[in-house]
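Before any comments, here is the structure.
The values are calculated or read from the model by the stated rules, or taken from the named source; none is laboratory data. All values reported here derive from a predicted model rather than from experimental measurement. So basically every Cβ, Gly included, is an ideal-geometry build from the backbone, and we count neighbours across all protein chains shown.
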Amino acid sequence: MSVPLVHRDQLLGVLNVNAADGNTFSAYELRALSLFAEQGAVAIANARLFDAERAHVVELVELDRMKSEFLGLVTHELGRRSRSCWPPRRPASSRTRRIETSELFRDHRAQRQEPRVAGRGAA
């Protein structure tokens with residue numbers, strides 16, 4: 001006797017069962033064989049899904065490794081470039097204003113300084 005292994009309208013295989021010479025299958029045995037075939041088809045489908053998911057996980061792990069390697073390389077290169085450009089350059093107008101401001105501050109301090117009084121040890 002042969003029973004198809006069908007899962008979601010897809011034929012996965014055939015279950016063959018042989019009876020001893022002269023023996024026939026009862027209705028109970030035919031129903032049990034049919035249920036066994038249904039469960040076998042589900043088990044085969046699940047095993048195929050599991051294999052596909054395992055292959056997908058392997059692919060994702062490889063992609064994650066490649067991503068981490070790429071990010072490490074980019075981070076290293078960006079870090080190396082930022083150290084070679086440190087301190088950051090300022091525009092000429094910013095440097096000029098800073099120099100002008102420091103000169104004004106120095107001149108202002110020089111005008112406010114009071115004459116120093118000679119210390120005790122001076123003659």
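Only a single item in (1) assigned to a loop (DSSP other than H, G, I, E, B); (2) touching a Pro at 6+ places or on another chain (Cβ under 8 Å) is not met by Asn23, and it is number (2).
Can you find a residue that is at pLDDT 90 or above and either of a type outside the set (Gly, Ala, Ser) or outside any helix (DSSP H, G or I) (or both) anywhere in the range 70-82? The answer is yes; a qualifying residue exists.
Screening the range 9-25 for residues that are aliphatic (A, V, I, L, M) and closer than 26 Å to Ala45 by Cβ and picking the one that is nearest to the chain's Cα centre (by Cα) gives Leu12. Looking at Ala27, Ala110, just one residue is at pLDDT below 95, exposed (fewer than 10 other Cβ atoms within 10 Å of the Cβ), within 21 Å of Val6 (Cβ to Cβ) and out of contact with any Ser or Thr (no Cβ under 8 Å at 6 or more places or on another chain), and that residue is Ala27.
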